[in-house]
Structure formats: structure tokens, C-alpha cells
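A short worksheet on the structure shown next.
The values are calculated or read from the model by the stated rules, or taken from the named source; none is laboratory data. Bear in mind the structure is a predicted one, so any value in this text is a computation, not a measurement. In this analysis, Cβ positions are derived from the backbone assuming ideal geometry, glycine residues included, and neighbour counts consider all displayed protein chains. We work out accessible area using only protein heavy atoms, side chains counted, and drop any ligands, DNA or RNA first. Shrake-Rupley method; radii C 1.70, N 1.55, O 1.52, S 1.80 Å.
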Amino acid sequence: MAASGKAAFRLPPLPTVREIIKLFNLRAQKQLSQNFLLDLRLTDKIVRQAGKLKDAHVCEVGPGPGGITRSILNADVAQLLLIEKDTRFIPGLQMLSEAAPGKVHIVHGDILTYKMERAFPKHLQKKWEDDPPNVHIIGNLPFSVSTPLIIRWLENVSSRDGPFVYGRTQMTLTFQKEVAERLTATIGSKQRSRLSIMSQYLCTVQDCFTIPGRAFVPKPEVDVSVVHFTPLVQPKIQQPFKLVERVVKSVFQFRRKYCCRGVGILFPEAERLEKSEQMLMLADVDPILRPAQLSILHFKNLCDAYRKMCDEDTNLFSYNYREELKQKKRNRKKGYLEQSEQGD
């Protein structure tokens, strides 16, 4: 007896990705850090890291000539939203859209400005505490946009807006191998950085596998890693994103120094020593630990202590270390000019 149910979707025979590139005379633009992945075995492997995609709603960022796009469609998704900034790729993507009637929606636009909260039907929304929704973001990101974009999305995770109005939307993205190592670095690792803390306090972050640079056209000078993100039900630091970012960025400003050096620049010079000692004491953090030696719990305590101090001094959060340095430099220059004029 024949099995019942809808047959799995498969794309019809199409020109290869390499043939699409030749057909539309597509060349990767170095200034946009574009690199094409032509091996469909690798694009299939990337898509598998996202999990089961049958009947899922997927947003692909920067599909380019459509290699990963084909693998996503062959995973039998319900809907695929393609956001592509480069107009040269639109005709090739339209060919894929025609081969998968009703499944593909192409947006010519910039992912940094596109309103992701309007991307998918509202009925897909789940409560944050529930399992992740059947909504995914997948993309072979250009190197130039990968870090600012993941920081933007992490802020969206924190505020539960943008792509995360649907719930704990999962992301499967490519990064330079070095950036992926920073995203997943553990305590004491040389790669431990601001990105490590900002991603891991909000998400479970998994470095899935590495793709050698030679697999891309043109070949980049670095290897590429695929990273999977699942937002946590409860962030490990319960403070506003901008406050966490400020503390973490300040601490890692002097990554080879003791952590007290970075903590100090959160405060004006006149009270720096006193206030930084107070913050470290409140947080119960050893001032001579290096930034890479600090755990997420250390950063939680530092952020909680800083928040308490900001609540007590409403002007503290607006303090800018670099602006104070610039002002000191202007004052020295002004004093030098005044002395020169008096000498004349």
C-alpha cells in the first residue's frame, strides 16, 4: 500500500550555481567581501546545522548566486525569504523562485535596515519560554557585515524584538574562523573577547564545523566556520543590553592588563581609583584577574554592581572615557598656546 501524505519537495533540474554565475556574469566584489560557495554538499551541510526545516519559515541573508538557497528549498521549507542587497543576484534568485512556486519571497534590501518583525506571519509566534519557533535565519555572511550584524541581532535577542518577536528564533551563520572562535571561546582562551561574553550570556553558541577557504570562489585568505545560535530562555546577565555592552567593552579595552584597568575607565579620572575599587568589591571580583579569565558570572556581578552605582549617580552612565581624554588634550593644547602668547 502506498504511503500517504504529501511528497517531499525537490527542486527541478536547474543550471548549476557555477552556470548561473557565468549566465549572469556575476563576479564577487572584494569591497563587499563577497565569496561564493559552489559545493552543494557543503551548502547542504550548512543547512543541516539549522535542524529540521520541513515546513519551516526561513530567512536567508545575502543569498548571492543561490547555493545555500537551493539547499534550503530542498529541505522542504514552507516559506523562504531572501534578503539581497546586490541587484546583480536578483535575476538568478528569481529563477529559483519560479522553480519553487509560492515558496520564495525576494526582498532587494539591506538586512541592517530590514524590519524582520514583519517578515513572517504572526501565527508563528511562540512564548519565549516555549521551544523555539519554526523560524530560522541562515546566511553566508559577508565578512564586512558579520560582526555588526550579530551584535545587532544579539541586542534584538535581549529586547525580544526584530527576528525574535516570534520567540527564540535560531540562527545558523558563517563567520571568519577567528570570529567564530571568539564567539565560542571559553574562560582563559586567547580568543576570549567582548564577542564571547555578549553572545554567550544571551545564547547557546555552537561552532559547528569549518569550511576551508579553498571551497569558496574567490578563495578568501581565511577559513570560514558555521556557527549556530539558540537564544536562552533566561539571559545569564539580567541587565539592559547597552549596560552589559559598556561594561564588557571597557573590561576588554585593555585585554592584556588586569581587569581593574578596564573597570576604571567606566569612571571619571577624579574618582576612578575609588569607584573602580568599590565596583570590584561589590562584584566580588579579584582586580588582578585578566579579562580572559573572567567568567559570565564575574561579568554578571560586575554589571549588577555597575547598575547599582548608576542608580545612585544618574550622571555616571553618560560618562565617556574617550571624551574626557580628548578634553584633556584640548586643555593641554590651549595651555600651551597661552604660554606661547605670553612668551611673545
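For region 78-96, filtered to residues that are open to solvent by less than 50 Å² (accessible area, probe 1.4 Å) and in contact with a Lys or Arg (Cβ under 8 Å, 6 or more places away or on another chain), the residue that is nearest to ARG18 (Cα to Cα) is LEU96. Under the condition of being open to solvent by 50 Å² or more (accessible area, probe 1.4 Å) and over 13 Å from VAL244 (Cα atoms), the residues counted in region 289-301 number 2.
To keep it simple, each residue is scored yes or no on (1) open to solvent by 60 Å² or more (accessible area, probe 1.4 Å); (2) in contact with a Leu (Cβ under 9 Å, 6 or more places away or on another chain); (3) not in a loop (DSSP other than H, G, I, E, B).
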| residue | (1), (2), (3) |
| --- | --- |
| ILE187 | yes, yes, no |
| LYS190 | yes, no, no |
| ARG214 | yes, no, yes |
| PRO220 | no, no, no |
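Selection over region 256-314 of residues that are under 25 Å from GLN191 (Cβ atoms) and among the basic types (Lys, Arg) gives a count of 5.
Taking region 192-212 as the search range and keeping residues that are part of a helix (DSSP H, G or I) and closer than 12 Å to THR230 by Cβ, which one is most open to solvent (accessible area, probe 1.4 Å)? Here the answer is GLN200. Of the numbered criteria (1) in a helix (DSSP H, G or I); (2) modelled with pLDDT of 95 or more; (3) more than 30 Å from ARG290 (Cα to Cα); (4) not polar (S, T, N, Q), the one GLU117 fails is (2).
Does SER146 satisfy the condition of being on the phi < 0 side of the Ramachandran plot, open to solvent by less than 40 Å² (accessible area, probe 1.4 Å), at pLDDT below 95 and not in a loop (DSSP other than H, G, I, E, B)?
Working: on the phi < 0 side of the Ramachandran plot: yes; open to solvent by less than 40 Å² (accessible area, probe 1.4 Å): yes; at pLDDT below 95: yes; not in a loop (DSSP other than H, G, I, E, B): yes.
Considered against the rule, which asks whether it is on the phi < 0 side of the Ramachandran plot, open to solvent by less than 40 Å² (accessible area, probe 1.4 Å), at pLDDT below 95 and not in a loop (DSSP other than H, G, I, E, B), SER146 comes out as yes.
Checking each residue in region 227-276 for being under 30 Å from VAL135 (Cβ atoms), open to solvent by 20 Å² or more (accessible area, probe 1.4 Å) and assigned to a loop (DSSP other than H, G, I, E, B) picks out LEU232, VAL233, GLN234, PRO235, LYS236, GLN238, GLN239, PRO240. Considering (1) aliphatic (A, V, I, L, M); (2) open to solvent by less than 50 Å² (accessible area, probe 1.4 Å); (3) more than 21 Å from LEU81 (Cβ to Cβ), the lone condition that LEU141 does not fulfil carries the number (3). Candidates ASP286, ASP304, ASP313: the one that is under 18 Å from ARG261 (Cβ atoms) and either exposed (fewer than 13 other Cβ atoms within 10 Å of the Cβ) or at pLDDT 95 or above (or both) is ASP286.
The condition of being open to solvent by less than 50 Å² (accessible area, probe 1.4 Å), in a loop (DSSP other than H, G, I, E, B) and closer than 19 Å to SER295 by Cα does not hold for ARG168.
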